[in-house]
1. Take the alpha carbon gyration tensor of the chain, find the square roots of its eigenvalues, order them as a ≥ b ≥ c, and report rounded if a/c is under 1.5; if not, report prolate when a/b exceeds b/c, else oblate.
2. Taking the number of other C-beta atoms within 10 Å as the exposure measure, put 30, 57 in order starting with the fewest.
3. Exposure proxy check: 77, 52 ranked by fewest other beta carbons within 10 Å?
4. From the helices alone, meaning DSSP H stretches of at least four residues, give me the mean residue ellipticity at 222 nm for the chain, per-run term -39500 (n - 2.57), in deg cm²/dmol to the nearest 500.
5. Once you keep just the Cα pairs under 8 angstrom separated by 6 or more residues, what percentage relative contact order results for the chain?
6. Which FRET efficiency, nearest 0.05, do residue 54 and residue 11 yield, Cβ-Cβ r, R0 25 Å?
7. With r defined as the distance between the Cβ atoms of residue 35 and residue 61 and R0 fixed at 22 Å, what FRET efficiency is calculated, to the nearest 0.05?
8. Indicate the gyration tensor shape class of segment 34-76 (rounded, prolate or oblate), computed on the Cα atoms with a ≥ b ≥ c the square roots of the eigenvalues: a/c under 1.5 is rounded; otherwise a/b larger than b/c is prolate and the rest oblate.
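Bear in mind these aren't lab numbers, they're just calculated from the coordinates by the rules spelled out. A quick note: this is a predicted structure, and the numbers were derived from the prediction, not measured. Here the Cβ positions follow ideal geometry from the backbone for every residue, glycine too, while neighbour counts run over all protein chains shown.
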């Protein structure tokens, strides 16, 4: 059950795309089909291309933070602060 401080946190919008290489989550339609270019730990940029992820069964609201990305006063560790979980089995399709 969320506490009072967590109830005041705004829910994050449902993502619309994802990079199949680094799993970066995208919330704007204009990024779909473009190169990801997210910085990787090695210092290089991700070579992946953002794909749409609009099907109803692709995303689930994070049960720990209830789509806020916050838990216990910090970033939710289950969803890495995104608020949504992607069904990674869909990336293999």
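1. Cα axes put the chain in the prolate bin.
2. Ordered from fewest to most neighbouring Cβ atoms within 10 Å, 30, 57 come out as 57, 30.
3. 77, 52
4. It lands at -500 deg cm²/dmol.
5. So the answer I get is 27 percent.
6. Working from the Cβ atoms, E equals 0.85.
7. Once the sixth-power term is evaluated, E becomes 0.15.
8. Since a/c reaches 1.5 but b/c is at least a/b, the shape of segment 34-76 is classed as oblate.
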